[in-house]
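Encoded as structure tokens, the structure appears first; notes follow it.
The values are calculated or read from the model by the stated rules, or taken from the named source; none is laboratory data. Here the structure is a predicted model, which means the values were calculated and not measured. No Cβ is skipped: glycine too gets one built from the backbone with ideal geometry, and neighbour counts run over all protein chains shown. Accessible surface areas use protein heavy atoms only, side chains included; no ligands, DNA or RNA. Shrake-Rupley method; radii C 1.70, N 1.55, O 1.52, S 1.80 Å.
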Amino acid sequence: MEFEPHNPDAHLLRGAVYVDVGDLNLALKDYNKALEYNPENVGLFFDKGTVLFYLGEYDKAIHSYEKFLSREPRDVDALYFNGLAYHFLGKNKTAQKLIDEALTLIEKSDDLYPDLCNAKGEILFDLESYPDAIDYFNKAVESDPASFIALYNTGRAFYEMGELKYALKYIEDALKIEPKEWDVLNYKGLILMDMGVNEDAIECFDKIIKLHPIYFPAWYNKGVALKQLGRTEEALDHFDQAIKLLLDKKPGMTRGMCLKSSK
């Protein structure tokens, strides 16, 4: 099928197709073209903002969402994504205001409700209001019992409060839903290390290394567990591998910087 190059609807349709197949940069080009032809189509600003959001261009995404929200101030999806964008930029007061506004506009039966509760919890987590964060993560789980991310976040919050048994329970509940999620496995390993169960912690880190061998925190954390067990040579090998992977990921770093940050 061919598209008429000067038809703004063709650019809009093609942009949607590129989103579906995962080519976000081409989608962004076509949404920009569609806006050149039809700048009054406010819905295009939401679509463009969402592409920018998934590209990690949060400042630009906010600019686009806010153009959309100036015309559609009660759109819950736009408030949610705009709030997340501010959150990812560390601007949590503004993020919280947007998420709170969205929560006042939505029914608990709506599919987006547990995501909004989880987002509110993550903001509170970053603000170190862990009990309040847990309340919102629990609301997310009550609304969607299959929300492994809310269970995981609850475990993280209990971990930060030093409540290791509760933290482990929620992390294990999350792993029942997503048993191969390496961030969750890594947290389980950290909790087990803090509980002094280093052999079990090593099993968690080994699962991650098998599933995702470039995940450097698993190599580093396994090294810590091995060191605590007195297996110094093995620990050093794992620290070396963690440093190698971190340098591959962040080529501007030096080995000395890695060692300093790991102390």
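Overall, the ratio between the Cα radius of gyration of the range 23-80 and 2.2 N^0.38 Å, rounded to two decimals, is 1.03.
Percent of C-alpha pairs per 10 Å bin in the range 65-187, short distances first: 15, 42, 32, 10, 1. The alpha-carbon of residue 244 sits under 22 angstrom from the alpha-carbons of these lysines, leaving out residues fewer than 8 places away in its chain: 207, 210, 222, 227, 260, 263. Across the alpha-carbon set of the range 193-250, the Rg to Rh ratio works out to 0.97, Rh being the Kirkwood radius. Note on residue 33: lysines with a C-alpha under 26 Å away, same-chain residues under 8 apart excluded, are 48, 60, 67.
Volume of the convex hull of the range 116-220 (Cα atoms only), normalised per residue: 93 Å³. Evaluated at q = 0.16, 0.21, 0.25, 0.26 Å⁻¹, a Debye calculation over the C-alpha positions of the range 112-168 (equal weights, vacuum) places log10 I(q)/I(0) at -0.38, -0.64, -0.88, -0.94. Taken as Cα centroids, the range 106-177 and the range 73-89 sit 19 Å apart, rounded to the nearest whole angstrom. Solvent-accessible area of the range 107-194 (1.4 angstrom probe, protein heavy atoms only): carbon and sulfur portion equals 45 percent. Protection proxy ranking for 242-248, 208-214, 81-87, using the average of other Cβ atoms within 10 Å per residue and placing the highest first: 81-87, 242-248, 208-214.
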